[in-house]
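Please read the structure below before turning to the comments.
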Amino acid sequence: MSDQPSVAQDQPAPLAASARPSGQRWPRLWGPRMWKLLALAVVLTLYRFWVVKHSGISLFFDESQYWDWSRQLSWGYFSKPPLIAGLVALSTSLFGSGVLGVKALSILVYPLTALAMVGLARALWPTSSGVRTGIVAGALFLTTPVVGLLGLVASTDGPLMLCWTLAAWALWRAQVTNRLGLWALCGLVVGIGIMDKYTMAAFGLTAIWALWGVHGPKRGLLRLGPWVAVLVAAAVVSPNLWWNAQNGFPTLHHTAELTAQSGRHGGFLTLLEFAAGQLLMLGPVTLVAALWLLKQSANATGASIPPSQWAASSQMMPPSQWRASSPVLPPSQLNMPGAREAAHGEGRPQAIRTSAYYLASMSSYRFLWAMSLPLLLIALAQAFYAGAHVNWAAPAMIGLTMLVASRLSQPLVPLAAPRPKQWLAAVLISNLVLTGVALHAKDVGGDKLPSKLDIMVRMRGWQEAFEQLAPVMEEPTIAGLPVLADQRLLLSQTAYHWRRFNPKILAWNPKNLRQDHYQLTQSLSNKVGQDMVLVTNEANPTAILQRFAIVREMKSVVVPTGPDRNLELHVFFLRGFLGYDEKSYLEQSGGSHNAPVDE
């Protein structure tokens, strides 16, 4: 599609004179409704802090690894770009290295995302009712099960969803105004998002659609703005690409392995499970409310928005562009209150009907779908091909949440128009109850609760287990020795829970693999004669023990984390490493060796 002519060139003089109708301004963000949203955000954030502090959980092993990364900041790591490590480093510098200190800033990212959604809604629908829709969307987002659960964990999902929201705002404003600064801002946010998680690159599909699908002074790629965004994003990501190039592109290989060569099994059943997980992330009642209200809106008729609610635009589209753009409103949206009048230009002054903001708002719903569907379809295809984690499409929840909010509090109606407040209350309350049941199932069910019903079971028991094993590290013959393990799970948890000893962490890697961060950077060298401490979940790890001259079991612990689940750890003192194989030992020692000796 060819680029549209600039508005300044085609603007008739009388129309330009009415570019800012008297009394029009951007709708105000701050007011009683926004303060209610802030109050909700504060209450939920304090509640999540309390849950972390009083639920007896420690860190998930990914969190422990991020904490370990944060002690040695770099432009990249094996499985992730560097932003999460930087966020954890900042969080621990502000709040300490305890469990809550590691998670604190990640928890705070979600309220920021809710506020960003208000700004996005005001950009999509620059009316007072549009701001109210954004506030409802923010409240809905904060109460969704996906935020209720992910909001307790230091992960890449929180920053990713924030960047997704901010990038959508910048993209929309850049397309509507074609301002170079907004295009650069869009590229900056996308670049930061990619530095958090490569999933952010999927936002490019949304951007490609918006270049032609959203009204603006120009469309398509034959202009400077979109290319500035690409260059800025590339500049932000370039340090991580350089790090990957210096280290054999481990992050890219890891990401490709997860998507194209996953060890999980896909299939139709896996696809259904993933789809059901997406519905649960949004909330079952949320889906029911959205479908019911969408059906009800088919028979609804309403008044047009008062002109005073619309934001003034310094860019005014000529009438020829407005008439040609009328069909962009799909038939399914013509039943929205005031939509038919909008499509025919009824009930609005010429300055509003030709406003760039007003024209763009007609494609706002399709923009929200474009924010969600591409990533959802990619994740669904991945689930069918090789399986997918339920959070892999988390950013799609932003657009879906705003679409649901536009049904619960419509943006293109007068402020006094009736709203389905009962449905809004039902959605918010049901989401909070569902999340509360999931988080407090252990409190209600006690020690008899099956482990599969305890969503935090994999974060339980680690603190107690390592506390019981800690005296081993204080023995004079062992103090200061490196700690060896053969699993990333054990390496990361050992590094965090024995942080006061600050041990050197070594990965057992006889085949010289590069399948995780520790194998890439901290593998045990094939040098004979080394002494160390082994942490393992096996009572008799023969493959490791037989490669040391002297073996002594120091201590074992078993911590129940459920009626059908225990956390079992064993610590061994190992002296005289014999190399990974017989050949290595003979080459370095020049002689034979005897079998390991148990002290």
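The values are calculated or read from the model by the stated rules, or taken from the named source; none is laboratory data. Here the structure is a predicted model, which is why all the values come from computation and not from measurement. Positions of Cβ are backbone-derived with ideal geometry, glycine not excepted, and every protein chain shown enters the neighbour counts. Heads up: the accessible areas ignore ligands, DNA and RNA and are worked out on the full protein's heavy atoms, side chains in. Shrake-Rupley method; radii C 1.70, N 1.55, O 1.52, S 1.80 Å.
Worth pointing out:
- Residues that are part of a loop (DSSP other than H, G, I, E, B) and open to solvent by 10 Å² or more (accessible area, probe 1.4 Å) were ranked within region 490-508; the one that is farthest from L100 (Cα to Cα) is W508.
- Test result for L574, within 30 Å of H254 (Cα to Cα) and surrounded by 13 or more Cβ atoms within 10 Å (Cβ to Cβ): no
Yes/no per residue for (1) within 19 Å of A85 (Cβ to Cβ); (2) of a type in the set (G, A, S):
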{"residue": "G98", "(1), (2)": "yes, yes"}
{"residue": "K103", "(1), (2)": "yes, no"}
{"residue": "L112", "(1), (2)": "no, no"}
{"residue": "L115", "(1), (2)": "no, no"}
{"residue": "A123", "(1), (2)": "no, yes"}
{"residue": "T127", "(1), (2)": "no, no"}
{"residue": "G130", "(1), (2)": "no, yes"}
{"residue": "T133", "(1), (2)": "no, no"}
{"residue": "V136", "(1), (2)": "no, no"}
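- Only one of the numbered conditions (1) assigned to a loop (DSSP other than H, G, I, E, B); (2) in contact with a Ser or Thr (Cβ under 8 Å, 6 or more places away or on another chain) is not met by G480, and that is (2).
- Any hit, region 160-169, residues being more than 14 Å from I398 (Cβ to Cβ) and either open to solvent by 10 Å² or more (accessible area, probe 1.4 Å) or touching a residue at least 60 places away in the same chain (Cβ under 8 Å) (or both): no
- When we screen Q468, Q422, Q463 for residues that are free of Cβ contacts under 8 Å to residues at least 40 places away in the same chain, closer than 30 Å to W50 by Cα and open to solvent by 30 Å² or more (accessible area, probe 1.4 Å), the only hit is Q422.
- Pair list, Cβ under 9 Å, 6 or more apart: region 261-280 residue farther than 9 Å from A388 by Cβ and polar (S, T, N, Q), other residue modelled with pLDDT under 85 and part of a helix (DSSP H, G or I): Q261/A386; Q278/V390
- Across region 100-130, the qualifying residues are those that are within 30 Å of H54 (Cβ to Cβ) and of a type in the set (G, A, S), and the one among them that is surrounded by the fewest Cβ atoms within 10 Å (Cβ to Cβ) is G101.
- Residues that are in a helix (DSSP H, G or I), in contact with a helix residue (DSSP H, G or I) (Cβ under 6 Å, 6 or more places away or on another chain), of a type outside the set (A, V, I, L, M) and more than 30 Å from M459 (Cα to Cα), drawn from region 97-131: G119, R122, S128, G130
- Within region 444-456, no residue that is under 15 Å from P560 (Cα atoms) and without any contact (Cβ under 8 Å) to a residue 40 or more places away in the chain sits with its Cβ atom under 7 Å from a residue that is assigned to a loop (DSSP other than H, G, I, E, B) and open to solvent by less than 50 Å² (accessible area, probe 1.4 Å) at 6+ positions apart or across chains.
- Put simply, of V433, V427 the only residue that is assigned to a helix (DSSP H, G or I) and buried (at least 18 other Cβ atoms within 10 Å of the Cβ) is V427.
- Here Q468 does not fit the description of being in contact with a Ser or Thr (Cβ under 8 Å, 6 or more places away or on another chain) and either under 24 Å from G562 (Cα atoms) or in a helix (DSSP H, G or I) (or both).
- Inter-residue pairs, beta-carbon under 7 Å, first without any contact (Cβ under 8 Å) to a residue 12 or more places away in the chain and in region 87-114, second of a type in the set (S, T, N, Q), 6+ apart: G101/S91; G101/T92
- In this structure, P411 does not satisfy being buried (at least 21 other Cβ atoms within 10 Å of the Cβ), under 20 Å from S155 (Cβ atoms) and either touching a residue at least 12 places away in the same chain (Cβ under 8 Å) or touching a His at 6+ places or on another chain (Cβ under 9 Å) (or both).
- The number of residues in region 53-99 being β-branched (V, I, T), open to solvent by less than 20 Å² (accessible area, probe 1.4 Å) and at pLDDT 95 or above comes to 2.
- Region 221-254, residues that are over 22 Å from L188 (Cβ atoms) and part of a loop (DSSP other than H, G, I, E, B): L222, N247, G248, F249
- The lone exception for S525 - which of (1) within 30 Å of K80 (Cβ to Cβ); (2) touching a residue at least 12 places away in the same chain (Cβ under 8 Å); (3) hydroxyl-bearing (S, T, Y); (4) open to solvent by 10 Å² or more (accessible area, probe 1.4 Å) it fails: (2)
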